[in-house]
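Enquirer: Can you read through this structure? Questions will come right after.
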Amino acid sequence: MPADNEIYTALLYAERHASALRRIAVESQKQAALHRVELWEYLRERAEIHQAQAVVDARAAGVEWSQLAPALAVSAPSAAYNKAKRLRAASLSDARPQQVRLRRTPEAVAAAESRLAKEMAVEQRAQSAAQQRHCLVFPAAQSLVSQRNGLLLDEDAEYWLDEVEAVLPSCDTPTQMISLGRYLGAAVRALRKLEQHTADPVAMTEEARAALAAAASVIPLEG
């Protein structure tokens, strides 16, 4: 999708020159008009998202609902509050595009905000836990990667070890730490599955066996 300002300019141009389409096929004229309707709808939704953020910023700066009422083209502070909630619904729906579009009522917005707050709290707890156990996961991952030449690998195990190795050099943020733990767990599970399938140990050296055991010991902590 082009930038919003480019879409706006293109739509104004198409609107001014719509009459030129009358000289070509009717079907092309219909399709062009439909595309314009769709693009104007897209811009309207984007405008609501930006307006919702402007309201949030205004409230954070101390603007009263009575001051926002004329800016939102309503007549009362309560109407400004309700319109702001409806605008908020647009931004919440945009943040969750895979879901059914949020109903534009204050109650629906409040429920969605509560749900998002709970999801964020769960994610924050996961990140905090990942940071706390990073001192165990990181060296275990380093050790397993360093001993990969002493391991029998299938395609699955090799893929996950590649993922572990890729994230190790820049594993600084909570999200990266969570990813490292998940990749390490997937690598160990792939190696254990290969052992069960072949009925032979995948670790061919003492160092590789120790590295795999160390990695496996932190997997339960990864949930």
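Enquirer: All other residues with a Cβ under 11 Å from the Cβ of E195 taken together, and with Lys, Arg as +1 and Asp, Glu as -1, what is their net charge?
Expert: +1
Enquirer: Report, to two decimal places, the Cα Rg of the range 6-86 normalised by 2.2 N^0.38 Å (N = number of residues).
Expert: The value comes to 1.58.
Enquirer: Another one. If r is the Cβ-Cβ distance from K118 to A54 and R0 is 25 Å, what FRET efficiency results, to the nearest 0.05?
Expert: After rounding to 0.05, the efficiency reads 0.40.
Laboratory data are not the source of any read-out in this text; all were calculated from the coordinates shown. All figures in this text were calculated on a predicted structure; none of them were measured in a lab. Cβ atoms come from the backbone with ideal geometry, glycine included; neighbour counts cover every protein chain shown.
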